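Undergrad: Mind having a look at this structure? Questions to follow.
Since every read-out is calculated from the coordinates, none of them should be taken as a lab result. Every value quoted in this text rests on a predicted model; they were computed, and no experiment measured them. Reconstructed Cβ throughout: ideal geometry from the backbone, glycine too, with neighbour counts over all protein chains shown.
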Amino acid sequence: MFRPMTPPDSPTLPSGESVTPFTITVDGRSIPARPGDSLAATLLMAAVVPLRYTPLSGRPRAPLCLMGVCFECLVTVNGQQNVQACMVQVRAGMQVQRQQSARTVGEPA
Amino acid sequence: MSRKEVDTLVIGGGVVGLSIAYGLVRLGERVRVIDGDDHAFRASRGNFGLLWVQGKGLTHPAYARWSMAAARMWPSFAEKLSALTSIDLERVQSGGLMYCLSEKELTERVSKLADLRTALGGDYPFEVWRPTELKRLYPHLGTAVAGATFGPLDGHVSPLRLLRSLCDGLQRLGGELVTGRHCQQIVPKDSAFQVQVGDQIHTAGRVVLAAGLGNRDLAPMVGLQAPVQPNRGQILVTERMQPFLHHPSGHLRQTGEGVVQIGDSKEDVGLDDGTTLTQLSRIAARACRVFPVLAQVNVVRTWGALRVMTPDGYPIYQQSRQHPGAFVVTCHSGVTLAPLHADVLVQWMRGAPCPPDITSFVAERFDV
């Protein structure tokens, strides 16, 4: 459905600007990314779908609004649960995990 | 002008008014509730949802007894209401904790509860839980917690589900709910009451004022007083999480939906139900001292609501001497006390003797 105007690992943006691509890790798998993209866009371009399963019905979900409203793109980023992937810029070396259920309180400090 | 007659007209469609109306309609009365609109200050839509006993009535043992009686009636009250409406109230009543953040705070609290227990002749259950016991249940507990008092009667419900269930239950039993209307005037006439609501006159043999802060202006129309003042509380709610808080506390509870609700500020700011960063950050900081992991959790919403407080914090339950059949009811703890309001209180309104624990809750106590 979506296709980037230039490939996600291309060093050239559609604007002609040069960038240095990098990778992030999603559930242990390395996927290409480049600076300036949102994490949600990076995940969509790498076809990381479904992105999560809902806690109540267990139904699959993917990023929808891409503007911080629908909360469908929740992922765990560097250990922080329920991060809206569309509201953070992708960074080199990000460790992303898809969420299988409602967020937990986490380990005691 | 249209005229409509009922046995009892209840002014106020919050938890207090609806509990009374529900109780009366269960006894076969024709009941109508007049409720305001979204511009009204509606404590029932903003409150915390605790069923709370511990610490209530520290200066008035009768109020502690009244609160305990209500807590003990809650299981059967909830069962009947849910059976009628098929609404799950998300009631959990396996005890509540009050966390103390210093040894001094804990000692003072325990001493007050012990004094109250003595005043009540021993019938006032509570325990003191030290950090080692608390840690077994709550590995996330912060090192700042010196201990907690545990009240076995305490618990919580969803206040919105309770409100909805009372609305629904009342109407299923034939009671009427008129919403979006403001009561302008009450005229006692020929041992009945004519109540002007918009362009309608409602006539009833009995009128119950349960209009929260609105009671202040309504009570004098029937020879009563309700010197109530607003007291603002602010609340934060987090994103939903898997259950980890097994007991509510006075400041912190996890709802049936998994939301952690954090609250308990008290401010005298008049009729302003807004929020302030100062109070919200203070509330959040205290919660993070009790459970440091909360610092990592997203807050999704905040709000303010106005408590309905008398000068001493205790209720007013009173029938007008001048105009019998007119009652005023106001209290801070409409959720906790709902089972009593729907039962013992309505029996008193229908002619039974006044329950001994509430005979002192008349407005004249403020005339000093």
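Undergrad: How far apart, in nm, are the 7 Å Cα→Cβ label points at A:Arg29 and B:Ser76?
TA: 6.0 nm
Undergrad: Which length gain, in nm to one decimal place, applies between B:Lys189 and B:Asp268 when the Cα-Cα distance is subtracted from 0.36 nm times their residue separation? Mind dumping the intermediate values first?
TA: Values: separation 79, 0.36 × 79 = 28.44 nm, distance 3.78 nm.
Full-extension gain reported as 24.7 nm.
Undergrad: Please flag any cysteine in chain A that has no other cysteine's Cβ under 4.7 angstrom from its own Cβ.
TA: A:Cys73, A:Cys86, each lacking another Cys Cβ under 4.7 Å.
Undergrad: First obtain the Kirkwood hydrodynamic radius of segment B:216-368 from its Cα pairs, then insert it into the Stokes-Einstein equation at 4 °C and 1.567 mPa s, and state the resulting D in µm² per second as a whole number.
TA: Details: Rh = 17.9 Å.
D = 72 µm²/s.
Undergrad: Okay, moving on. Mind telling me which of B:Leu337, B:Leu160, B:Leu97 comes out most flexible in a GNM of chain B, alpha-carbon contacts under 10 Å?
TA: Among B:Leu337, B:Leu160, B:Leu97, the largest GNM mean-square fluctuation belongs to B:Leu160.
Undergrad: Taking the dipole about the Cα centre of segment B:1-134, with the C-beta of Lys and Arg at +1 and of Asp and Glu at -1, give me whichever of B:Thr59, B:Ser94, B:Thr132 is farthest to the positive side.
TA: Farthest towards the positive end: B:Thr59.
Undergrad: Per residue, what volume in Å³ does the Cα convex hull of segment B:1-150 take up? Walk me through the numbers on the way to the answer.
TA: Working: hull volume 27.7 nm³, N = 150.
Taking the convex hull of the Cα positions in segment B:1-150, it is 185 Å³ per residue.
Undergrad: Please find the FRET efficiency linking B:Arg301 to B:Asp88, where r is the Cβ-Cβ separation and R0 is fixed at 25 Å, and quote it to the nearest 0.05.
TA: Details: r = 22 Å, r/R0 = 0.88.
Computed FRET efficiency for B:Arg301 and B:Asp88 comes out at 0.70.
Undergrad: Given labels modelled 7 Å from the Cα in the Cβ direction, how far is it in nm from B:Val128 to B:Arg164?
TA: Taking the simple label geometry, B:Val128 and B:Arg164 are separated by 4.3 nm.
Undergrad: Mind jotting down the three principal axis lengths of chain B based on Cα atoms? Whole angstrom, largest first.
TA: In descending order, the Cα extents are 66, 44, 41 Å.
Undergrad: Expressed as an acute angle from 0 to 90° and rounded to the nearest 10, what is the orientation of the C-alpha long axis of helix B:61-85 relative to the principal long axis of chain B?
TA: Helix B:61-85 sits roughly 80 degrees off the main axis of chain B.
Undergrad: Further question on the same structure: So if each residue of separation counts as 0.36 nm, and I subtract the Cα-Cα distance between B:Asp37 and B:Thr118, what length gain in nm does that give?
TA: Details: separation 81, 0.36 × 81 = 29.16 nm, distance 4.53 nm.
Contour length minus the Cα-Cα distance gives 24.6 nm.
Undergrad: If you build a Gaussian network model of chain A, linking Cα atoms that sit under 10 Å apart, which residue out of A:Leu39, A:Leu56, A:Leu66 swings the most?
TA: Fluctuation is largest for A:Leu56.
Undergrad: Just to compare against my own numbers: the Cα pair-distance distribution for the protein assembly as shown, 10 Å bins, whole % per bin, please.
TA: Going out from 0 Å in 10 Å bins, the protein assembly as shown shows 4, 17, 24, 21, 15, 10, 6, 3, 0 percent.
Undergrad: Ok, one more. Between B:Asp367 and A:Phe22, what is the label-point separation in nm under the 7 Å Cα-to-beta-carbon projection?
TA: 7.7 nm
Undergrad: I've got another one for you. Compute log10 of I(q)/I(0) for chain A with the Debye formula, placing one identical point scatterer on every Cα and leaving out solvent, at q = 0.19, 0.22, 0.23 Å⁻¹, to two decimals.
TA: Values, matching the q order: -0.95, -1.22, -1.31.
Undergrad: Between B:Arg289 and A:Gln95, how high is the FRET efficiency from 1/(1 + (r/R0)^6) when r is the Cβ-Cβ distance and R₀ = 30 Å? Nearest 0.05.
TA: Values: r = 30 Å, r/R0 = 0.98.
The computed FRET efficiency comes out at 0.50.
Undergrad: Same structure, new question: Counting only helical runs of four or more DSSP H residues, what would the 222 nm mean residue ellipticity of chain B come to if each run contributes -39,500 (n - 2.57) and the total is spread over all its residues? List each step's numbers first, then the result.
TA: Values: 9 runs with 103 residues, N = 368.
So the calculated ellipticity at 222 nm is -8500 deg cm²/dmol.
Undergrad: So between B:His182 and B:Glu105, what do we pick up on full extension, going 0.36 nm a residue minus the alpha carbon distance? Please report the intermediate quantities before stating the final value.
TA: On the way: separation 77, 0.36 × 77 = 27.72 nm, distance 4.46 nm.
Result for the pair: 23.3 nm of gain on full extension.
Undergrad: Continuing with this model, one more query. Per residue of B:75-88, how many C-beta atoms from partner chains lie within 10 Å of its own C-beta, taken as a mean? Can you show the working numbers first?
TA: Details: counts 0, 0, 0, 0, 0, 0, 0, 0, 0, 0, 0, 0, 0, 0.
That average works out to 0.
Undergrad: Over 10 Å intervals from 0, what percent of Cα-Cα pairs in segment B:7-75 sits in each interval?
TA: Taking every Cα pair in segment B:7-75, the percentages come to 18, 34, 37, 11.
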